[in-house]
Amino acid sequence: MRVLIIGSGNMGRGIATRALSGGHQVTLYDINPKTSADLAVSLSTRGMPGASVAQTTKLEESARASDVVILASWYGANLRIAREFSAMFEDKLVVDISNPLNATYDALVTAPGSSAAETIQAVLPKSARLVKAFNTTFAGTLLAGQVDGRPLNVFVAGDDASARESIKTFVQSIGLNAVDVGALERSRQLEALGFLGISLQDSLGTGFMSAWHLTMPVAA
Ligand SMILES: NC(=O)c1ccc[n+]([C@@H]2O[C@H](COP(=O)([O-])OP(=O)(O)OC[C@H]3O[C@@H](n4cnc5c(N)ncnc54)[C@H](OP(=O)(O)O)[C@@H]3O)[C@@H](O)[C@H]2O)c1
């Protein structure tokens, strides 16, 4: 899959690392070109045969050439990008990974009965297919690909079933478990879960290396 990641910080690095391990072609964009260039260099020796990583400064051109665009910056920036470059998202598969935290990290900025993902979807063209994913997986755990020997669960929400399927297939291809949670509205719960995970890190002392795991019954 040709994956464009917008934002080359902690999560950009984590998702790119996993994507390369699954043999995908990754393009990195950041508001600061040096950040994405440095990340591309540091990841350039990673990955399965067929994998590649490159930096771009041509956002719209790279979006057009990609199969999926991952919004890997903070909620406010993701929303601004969705608004400012709305046309480039026509017919695109788009992933929002944000947890819309306030400046003091002790509340969500989204109103009850809404979510970052739904707010972003509202400014995207109707033909864009938005999926929420990766907001409950900490960056460090993505680098490791597992916690305590168990692959991470990636919860996937979105209104378009084929878009959810595509992202679930991508998640499985990078060695993680995809959990389909249904409509994009479920992002409200996923963002609350992401926030809860963050707020537990101090008391658990887990240094952002814990993960949410949905335990399933053994098939009969
Ligand atoms: N960190 C985690 O463990 C984790 C886990 C789950 C979800 N998330 C979510 O993932 C998102 C990214 O988190 P992060 O920890 O990776 O943040 P980060 O390390 O700060 O990375 C974000 C990157 O995006 C860049 N950026 C800012 N505005 C941009 C724009 N308009 N266009 C392109 N790039 C832009 C930032 O540049 P500047 O630094 O110059 O602003 C920075 O390099 C957030 O929404 C967060 O809620 C994070």
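The values are calculated or read from the model by the stated rules, or taken from the named source; none is laboratory data. Please read these numbers as outputs of a predicted model, since none were measured by experiment. Every residue, glycine among them, receives a Cβ derived from its backbone with ideal geometry; neighbour counts consider all protein chains shown.
At-a-glance table
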| item | result |
| --- | --- |
| Residue match in the stretch 129-136 (condition: in contact with a strand residue (DSSP E or B) (Cβ under 6 Å, 6 or more places away or on another chain) and farther than 23 Å from MET216 by Cβ) | yes |
| Output for the stretch 180-209, where each listed residue is polar (S, T, N, Q) and within 11 Å of the ligand (Cβ to nearest atom) | GLN201 |
| Residues satisfying the stated conditions in the stretch 124-160, i.e. more than 16 Å from THR206 (Cα to Cα), near the ligand (Cβ under 10 Å from one of its atoms) and in contact (Cβ under 8 Å) with a residue 60 or more places away in the chain | PHE134 |
| ILE97 of a type outside the set (Asp, Glu) and within 12 Å of the chain's Cα centre (by Cα) | yes |
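Every residue, every condition in (1) over 18 Å from ARG13 (Cβ atoms); (2) surrounded by fewer than 16 Cβ atoms within 10 Å (Cβ to Cβ); (3) at pLDDT 95 or above, yes or no:
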{"site": "ALA139", "(1), (2), (3)": "no, no, yes"}
{"site": "GLN146", "(1), (2), (3)": "no, yes, yes"}
{"site": "VAL156", "(1), (2), (3)": "yes, no, yes"}
{"site": "ALA161", "(1), (2), (3)": "yes, yes, yes"}
{"site": "GLU165", "(1), (2), (3)": "yes, yes, yes"}
{"site": "LYS168", "(1), (2), (3)": "yes, no, yes"}
{"site": "GLN172", "(1), (2), (3)": "yes, yes, yes"}
{"site": "GLN189", "(1), (2), (3)": "yes, yes, yes"}
